[in-house]
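Below is one structure, written out as structure tokens; comments come after it.
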Amino acid sequence: MRRNVKAVVSFLILLLWVFCAFHIFKMSTQNIMNQTSVQTSGVQWSSRREAIIQICQTNPILLRMPLLRSKQMFNRDLMFNIVHIKNLNLNWCLVPKVASTSISSFILPHLPQTNITKDWPTVHDEVWQRAGHLHLSEYLSNNKTPSFLITRHPFARIASAFRNKLENRTRSLDGEYFYQQYSKKIIRFSRGGWRQNKSEPTFTEFVNFLINTDIQQYDEHWQPIALRCRVCQLPFSHILHYENISSEWPQFLDNVGIIRNMELPWENKGGGNDLKRYFENVSEEEKMQLFKKFVSDFEMFGYTLEDKY
């Protein structure tokens, strides 16, 4: 009986917290919209923000608070993927497989130096160590700091992640980690078991694994961007599209008042339209099931199944 009462009380506290957080989110977003209402001649930043707000009001995608997680620790979870670049007065949600290496290379010269002398495995690791990380209260109250993220067509990002992390474990430095952590699970799920001589999972097997897995449990390389960046819990002033980054990046810098010549370095640029071939053996039913897993990214960021990627 006591356990039931505790569970009900915890659930009610969670509902109250979500209501309060969403109210603060709306207020913060409105302040951001008021401060960045002047548009450049290209991207309509306010329209992209409004699209997110509308979906969050009708069908919010939220990072779930574990039952025994303290509010303080959960607030850290909310802010975990936000990089604060004090020297540029920017906040950035780091999303793997969406120009993250290029953005990391761009911001490194503007981050504080550390006393740590080592060779970093990736540029992302160095960014995490050198960048500042805000508390949730600081993020929500500091509306003068632009916060941005870069989106990508969900299916293109999934195919890119598979190609880079799962298709061939020798292709990347962390290939063996992904094989042990994910490929074995996918093989067991798809083939009923794993043996030493089993080949890497196919893309169709990967898709079916995603269809049957809770998105809250997805790896950061293929978790929906709307969830990774907590867009229904954290306000963002600028949403950029990876597909148009070459034209949107200078517009973004101009809109946030960075007037220096800061061209975005292209690192690990993949793409073209070759990623769509991965879906050739995926059935229409499977595509629709996968679409439902990523519906927030499709609807919030304006993508469709018919887009080229």
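The values are calculated or read from the model by the stated rules, or taken from the named source; none is laboratory data. In this text, all values refer to a predicted model and were calculated from it rather than measured experimentally. When we count neighbours, we look across all protein chains shown, and the Cβ atoms used for this are built from the backbone with ideal geometry, even at glycine. The area values use the complete protein model at the heavy-atom level, side chains included, leaving out ligands, DNA and RNA. Shrake-Rupley method; radii C 1.70, N 1.55, O 1.52, S 1.80 Å.
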- Surface share of carbon and sulfur [accessible, 1.4 angstrom probe, percent] for segment 121-216: 47
- Applying 1/(1 + (r/R0)^6) with R0 = 30 Å to the Cβ-Cβ distance of H110 and K276, what FRET efficiency is obtained, to the nearest 0.05? 0.25
- How big is segment 190-257 by Rg and Dmax over its Cα atoms, in Å? 18.4, 56
- Query: What percent of all Cα-Cα pairs in segment 136-179 falls in each 5 Å bin, counting up from 0?
  - Reply: 5, 20, 14, 11, 11, 8, 14, 12, 5, 0
- Query: Measuring with a 1.4 Å probe in the full set of protein chains, what accessible area per residue, in whole Å², belongs to segment 84-130?
  - Reply: 47
- Item | Gyration tensor verdict on segment 117-161 (Cα atoms; rounded if a/c is under 1.5, prolate if a/b is larger than b/c, oblate otherwise) | oblate
- Between the alpha carbon centres of segment 56-80 and segment 232-252 the gap in Å comes to 23
- Heavy atoms only, probe 1.4 Å: what % of the accessible area of segment 217-309 goes to carbon and sulfur, would you let me know? 44
- Working from the alpha-carbon coordinates of segment 206-309, get Rg over Rh, Rh being the Kirkwood radius. 1.00
- Item | Length released on extending from I215 to L68, taking residue separation times 0.36 nm less the Cα-Cα span | 50.9 nm
- Full-stretch length increase - Q181, N244 - with 0.36 nm per residue and alpha-carbon distance subtracted: 19.4 nm
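Tell me, in nm to one decimal, what length is gained between R260 and N197 on full extension, where the rule is 0.36 nm per residue of separation less the Cα-Cα distance?
Numbers: separation 63, 0.36 × 63 = 22.68 nm, distance 5.41 nm.
Here the answer is 17.3 nm.
How many Å³ per residue does the convex hull of the Cα positions in segment 86-185 occupy?
Working: hull volume 14.0 nm³, N = 100.
With only Cα atoms used, segment 86-185 gives 140 Å³ per residue.
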